[in-house]
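The values are calculated or read from the model by the stated rules, or taken from the named source; none is laboratory data. These figures come from a predicted structure and were not determined experimentally. Every residue, glycine as well, gets a Cβ built from its backbone with ideal geometry; the counts of neighbours run over all protein chains shown. Note: areas computed on protein heavy atoms with side chains; ligands, DNA, RNA excluded. Shrake-Rupley method; radii C 1.70, N 1.55, O 1.52, S 1.80 Å.
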Amino acid sequence: MLDDKGLTKFRAVLILAVLVLSTIGASFLAIRSTQSVALNPTTLVDMAGRTVQIPSSVDRIVVLNSYWTEILCTLGAADKIVGIDKYSTSSHYIPSKVRNLTVVGDLFKGINIETVIALSPDVVIMDYGYGKTGEIISALEGLGIPVVALVSRNFSDQTTAIRTLGKVLNAEKSAGDLAGFMDSRHSFLLSTAAWIPASERPKVLICKLDVWQERLIYTYANSTYGTLAEDLGGINVALRDFPDQSWPKVSMEKVLAWNPDVIIVLGYDNASLASQLDTVSNSSWNQLKAVKEGKVYTILIGSKVAGAYLDWGPRMILGEMQLAKMIQPEYYANLDVSGAAQMLFTQFYNTGALSGS
Amino acid sequence: MGSGVKWKSALLLLLPIPALLGSLFIGAYPLPPEITLQVIMAKIASPFAQSPWPQVYETVLFEIRLPRIILALIGGVALSVSGASLQGVFRNPLVDSYILGVSAGAGLGAAIAIAFLPSIPGVTQVLAFSFGFLAFLVTYFVARERGETPVVSLVLAGIIVTALFSAALSMIKFFTEAERLAGVVYWLMGSLAIAGWREVAQTLPAIGVAFLIIFFMRWRLNVLSMGDEEAKSLGVNIERDRLIVLFATTLMASSFVSVAGIIGWVGLVVPHIIRMLIGTPDNRVVIPLSASVGAVFLILADDLARSVTTFELPVGVLTTVIGAPFFLYLLKRRGGGTWK
């Protein structure tokens, strides 16, 4: 143990250390703030309604959601990204040089703020409104790092986010082109569906069978994909029964009671889809109209494998087209999903090879 | 035993039959009760005959509702009999089926399967069962000292093993991606929605054998619950008997947990209700009645889980919501009851 004299000495050293460190810290911040003032910052309003000042030329970006990473890359900013979140590393649609950048954490489990500081970003792009986003945004703001907060709740959020990121990158032209590509097709889909009479709208069930255990069915009701089923000319049985729930879990008995005309099974990879289809081939499912008539479809979602379109970001429009053709094959007969995919990938992803299968 | 107790016992032993039949009428599919009755009668009269009703009626009643009710019955027996037996062995009314670490072990096994292994039917069950049993073995051998396993050591070892397995489970949860994490969390809540004939076939043999073991040892449970010194003085091999009881209860609890997840409070509440109703802690009565009332309790709780809302509620959450306040009521009213 330290004696009295030692303790006093120790205290003195400690106080000195704190003083030195805080001086360094303060001057560091002071330099930062004078720098950003000198650069004549751009002001923009992000999707959270916050007014953010960012440097007029953004060269170092840390991005904390894989879909925003994907959009940044389509807008030609792959070289400006210096840090990513964990989910960006497993996306098939993000160039490998970006996937191999420093991972700073993710928004559900938290990020390492020190790692972010070490990357000295000009701006951080991230979601707001759930998990640890609130704390992360205020921590970054406290350190003087500008945050552009975005959100994904539906299709129109995607194009809004694309245009906002266009402003951040001074790439408003290509952002406008990409958003336009998506918007025009989206409004075509919706206006077509608006013509479909109620009598021709099939009962649709969108579900996943591998989330709980085999016999409990995870359905999409008042969620993005769930409401899409209605917008594209179907009757979403789960949404009609559970208008207040996003993903109600129901038993087989409920599905038998619904007896849907069309069943759409979602999965993150082909193995998941195959095992789910295996479940559907058992006896209870065989009594459903959709199964008897061969109207059970699968859609790859997320970004893990080639051919997965239904996801946040620009590919969402392709996923909507896939859904539309499954729900209303006749009304959307002329819709060419692979042609549109080819166009999207060659024009905005700088390669046709990404489209995959 | 007075004749009042006999009547009560007979009544309680028959209770699962109306519970089972009545529950066939409950569910999300709109089947009119009179049709349900007709279908059931016809099935009882000639089980293999072609029915005049749409195939879907039979599917709903005999492929979805019936196996689920039977699984609830089996699970109710497993949880309450293991709870009652362990309360005897530990001479402590606050012990339940999970005191030896079975739930934490099974939870870890299931989490490993859901998080890291491909979704092949049965993998989760096998791992949950093995880890549940493993947790028990670790507890037992940690507690064992010079050929003896004192009750206090078992309790402490159980707490330590539960803590370790839970920590490992948290670690796995943290490293699991969101989609699969949801699967782990749902599993831990406990649900009978997975019930099919396959699950009944998986659990019935082990739970049946374990139940018979406990049933034929129920008077020895009385001896064990007297305490080690007294039991020894009666010439009972307490180490051997205790191990047999612990083994059988673990077999029951982990078999059921492996298919249904962790369903709490059944093993705690049911034996208490029995002791309160019958007025004796005599295991010769408490064990068979716990089996019957436990079955009814879980069948009714699952009826609620299936019918309160048209979507599924996890029955494990319901048994806790019903069980915990009821237990509090019992404690307040009885001031400790027959255990004091």
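Details
- Scanning the stretch A:67-86 for residues that are buried (at least 22 other Cβ atoms within 10 Å of the Cβ) and either in a helix (DSSP H, G or I) or touching a His at 6+ places or on another chain (Cβ under 6 Å) (or both) yields A:Tyr67, A:Trp68, A:Thr69, A:Glu70, A:Ile71, A:Leu72, A:Cys73, A:Thr74.
- Test: B:Ile40 is at pLDDT 95 or above, away from chain A (no Cβ under 14 Å) and part of a helix (DSSP H, G or I): no
- Of all residues in the stretch A:330-348, one or more are assigned to a helix (DSSP H, G or I) and out of contact with any helix residue (DSSP H, G or I) (no Cβ under 8 Å at 6 or more places or on another chain).
- Being of a type in the set (A, V, I, L, M, F, W, C), outside any helix (DSSP H, G or I) and either open to solvent by 30 Å² or more (accessible area, probe 1.4 Å) or without any contact (Cβ under 8 Å) to a residue 40 or more places away in the chain (or both) is a property that B:Ala28 lacks.
- Residue that is closer than 23 Å to A:Ala179 by Cα and surrounded by fewer than 20 Cβ atoms within 10 Å (Cβ to Cβ), where the choices are A:Lys97, A:Lys109, A:Lys167, A:Lys132: A:Lys167
- Of the helices (runs of 4 or more DSSP H) contained entirely in the stretch B:185-290, those carrying at least 3 residues that are open to solvent by 40 Å² or more (accessible area, probe 1.4 Å) fall at B:197-216, B:218-224, B:228-233, B:238-260.
- Of the residues making up the stretch A:287-336, just one is more than 30 Å from A:Leu165 (Cβ to Cβ), of a type in the set (S, T, N, Q) and in contact with a Ser or Thr (Cβ under 7 Å, 6 or more places away or on another chain), namely A:Gln287.
- Residue match in the stretch B:70-81 (condition: in a helix (DSSP H, G or I), farther than 18 Å from B:Ile214 by Cβ and of a type in the set (S, T, N, Q)): no
- Of the criteria (1) assigned by TED's automatic domain parsing to the domain that holds A:Leu310; (2) modelled with pLDDT of 95 or more; (3) not in a loop (DSSP other than H, G, I, E, B), which one A:Val168 fails: (1)
- The set of residues from the stretch B:74-88 being over 14 Å from B:Leu224 (Cβ atoms) and aliphatic (A, V, I, L, M) comprises B:Ile74, B:Val77, B:Ala78, B:Leu79, B:Val81.
- Filtered residues of the stretch B:118-156 (kept if touching a Leu at 6+ places or on another chain (Cβ under 8 Å) and small (Gly, Ala, Ser)): B:Ala135, B:Ala143
- Members of the stretch A:181-203 found to be in contact (Cβ under 8 Å) with a residue 24 or more places away in the chain, surrounded by 14 or more Cβ atoms within 10 Å (Cβ to Cβ) and within 15 Å of A:Tyr332 (Cβ to Cβ), listed by number: A:Arg185, A:His186, A:Leu189, A:Leu190, A:Thr192, A:Ala193, A:Ile196, A:Arg201, A:Pro202
- Test: residue in the stretch A:208-219 that is among the β-branched types (Val, Ile, Thr), surrounded by fewer than 21 Cβ atoms within 10 Å (Cβ to Cβ), within 14 Å of another protein chain (Cβ to nearest Cβ) and free of Cβ contacts under 8 Å to residues at least 40 places away in the same chain: yes
- Residue check for A:Ser275: among the small types (Gly, Ala, Ser), touching a strand residue (DSSP E or B) at 6+ places or on another chain (Cβ under 9 Å), within 11 Å of another protein chain (Cβ to nearest Cβ) and farther than 22 Å from A:Leu228 by Cα: yes
- Some residue of the stretch B:98-111 being surrounded by 20 or more Cβ atoms within 10 Å (Cβ to Cβ) and closer than 23 Å to B:Ala231 by Cβ: yes
- Residue within the stretch A:303-314 that is within 29 Å of A:Ser96 (Cα to Cα), of a type in the set (D, E, K, R), in contact with a helix residue (DSSP H, G or I) (Cβ under 7 Å, 6 or more places away or on another chain) and assigned by TED's automatic domain parsing to the domain that holds A:Ile235 present: yes
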